[in-house]
Structures are given as structure tokens and as C-alpha cells.
1. Give me the number: length gained by fully extending L167 to D318, i.e. 0.36 nm times residue separation minus the C-alpha to C-alpha distance, one decimal in nm.
2. What distance in nm lies between label points placed 7 Å from Cα along the C-beta direction at A241 and Q217?
3. Once label points are set 7 Å from the Cα along Cα→Cβ at both K49 and T175, what is their separation, rounded to one decimal in nm?
4. Pulled fully out, how much extra length does the chain show between D33 and V340, if you take 0.36 nm times their separation in residues and subtract their Cα-Cα distance?
5. Full extension from K258 to S350: what is 0.36 nm times the residue separation minus their Cα-Cα distance, to one decimal in nm?
6. All other residues with a Cβ under 14 Å from the Cβ of T190 taken together, and with Lys, Arg as +1 and Asp, Glu as -1, what is their net charge?
7. Within the set of other residues whose C-beta is less than 15 Å from the C-beta of L312, count the net charge using Lys and Arg as +1 and Asp and Glu as -1.
Amino acid sequence: MFLRRSIATAAGGLIVVVALVGGCTSSTPSLSDPHKILDNMVTAMAGIKSVHFELTAIGQFQFGFTTPTPAPTDTSSPADTSSPADTSSPADTSSPADTSSPADTSSPAASESPTASASVTASASGSAAASGSPTASPTAVPTATPVPTATPEPTPTPAPTPTPGPLTIPFDGTTASGDLDASNAAADITGTLPGLPGFAGQVLVVGGNAYLRVPGQNIFSTEVASSLPLNPADSTGGVLAEFQTILTTVDNKDLNPKLLGIESRPGGPCYHIQVQATPNVVSNVLDLTGQGVGYAIVDMWIYQSSFLIEHLELHTSDPAAGSAAIRLVLSEYNSIAPIVAPAAGQFDPSGLEAPAAT
């Protein structure tokens, strides 16, 4: 699942994930209204050109990766249930016994009238003829043998179509660090996500090209940056752009941020603001309708002087999505060292586009 190009998302994707769930921050100078502080923070963060970051995470999250549904077991019963046994009853049940009465019942006494005599004879003769014929025996008709029912061929179960489903990813041991340069569309990120084997490495994006390598590899593989699943240096869909989207979400006026105080930090005094991100606001603003979104608590330390984020911490616990804690520290705003491509001989150029013919 995680091929060569996944190395790019090994580090860059980690940052975007953090930005999506915890890139919420807020800050404003000498203010007591947390909404005002958040407004100023969003404006200040929109103007940054480069930044260095350090990220750590523990716990686990669920993500809506596609997972196939197991194929059901064929439970058809191909056994023949037909009853071919002959149930006919060919036995003859007729009664052939002769029940005729041939005895002559006429009166032989002499009579002067010949007509009467003839009548008696005819009567006796007719009676004998009628009663002397035996009853015909009926012919037995056997019951037809039933044709056996054909055994149905089991219909194969079609392979199920993969459906989106959550995938739990452990975050324990996750780290990422690097530089983002929006002005020059460049990025240099190194990270590891032990919960996903092989999901680790370094990605460099310079001049529209991406240079990728896994731990222990000396030579970078290459490809065009626009072909990456996630281009961390992209001005519209990269890490900084995602940060800005999340910061705007945290500043949503339907949320209820709290100013917990002003605290001393190594870079100067910071506003400590806490926001509870509710599922309905996150779903609506980030267009996550139909996806499981839980509650999260975001603590942000924002410089009082510049309204830039010093660091933030995300704590989330949801029965459906799991629980995690993420810490993101930001520094060197607009002052990182230039990001340059690897030296010749340190990368394989086969993945890069050839220059257009002139």
C-alpha cells in the first residue's frame, strides 16, 4: 500500500494530519477577549513566508481509509431433495365372481293361451341373459414415476465492492520536523510513523521537483512534485495552507474559546488560549459531513507581541475515533535557512521530467 511515493507523505502527511486536527492556534497583544486574540492570530499566521516545526504524537486515531468487506461464505445446499421412489399401486382390486342366477323361474303349467306361454318363455330367456353376463374386471393404471428434480448449480457470490471504513493508526513514537518555505515553494521534512511499517523518510521539494529517501538510503529517488499525493510546499494545498484553514476553523464564532492567562515562554510572553472544537463546527467548516468527528481540546500559546503561534497541544478522546495527544512547536518565522536540492550524485534523476524542447 505504501509505495515509493508514500515516503513523501511519511513526513509531509504527518504534518498535514497534525494541521488538520490540531493546527488551531490563537493570539492577540494585550487583549482579554479570546475571540479578538484569535482574529489577530489568523491574520498574523496568514502572512508568514517560512517556518521551522517540531512535532511529536502519542495515542491513536481512526482515519477513513478504504477497506474491503470480507466475502460471505457460500452456504448453499446442493443436496438432491427429489423423491424418485415409485408409489404406484398396480394391484387388481376388481371382483370377477359371477353373480348371475341361471335358474329357470318360468311356470311349466299348461295354458290354453299360447300367447301367455310365449311370454313366460321370453321372460325366462331374457332374465337369464341379463343376469348371466359376468362383470368386466377394470384394467389397473399404474401411477407415473416422477422425474427427479435437477440439482441446482450453486450461484457464485460476487466479490464485494470495497467500502470506506475507518482504519486505526497508532501514533506512539511519531515524530516529524522540518522547514517550510512558502515564498520559494520549498520544503524539507523528515519524519516517522511507527504505527505504519515503512512509513518513514525524508522529502525535499525544491524547484518543482521532489527528492525522496527512506532511512538508511543514501541516494534520493526523484519525481515531479506535482505528482506527489501530498506536496507539502504547495501554496494552495500544502501544509501552510492547511494550517490556515484550521486556524480559521478554531476562530469560528460558534466556539467558546477561553483565555487561561499570559505565560512566560522562551520566546516571550504568550497568551494561553484553550478551545473546545465541537463536531458540528468542525464538520461544517471542513466539509466532513458523514464522517465521524469527535470532540478535541486545543491549547495554544500565542506570542503577545506578534500573535504568531509559539506552540500548541491537541488532546482528543472519542469512543469512536480513539484518543491522542499531539504537540507542535513552531519557530524561526521568516528566517529559516534556504532549502536546496541534493548535490549531483546524491539523487537518481530518472523520475524527473526532461526539459521541454525549444
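Coordinate-derived values only; no laboratory data. These figures come from a predicted structure and were not determined experimentally. Glycine gets a Cβ as well: all are built from the backbone with ideal geometry, and neighbour counts include every protein chain shown.
1. 52.9 nm
2. Placing both labels 7 Å beyond Cα along the Cβ direction yields 2.6 nm.
3. 3.1
4. Difference between extended and current length: 106.3 nm.
5. Gain on extension, K258 to S350, equals 27.8 nm.
6. -2
7. -4
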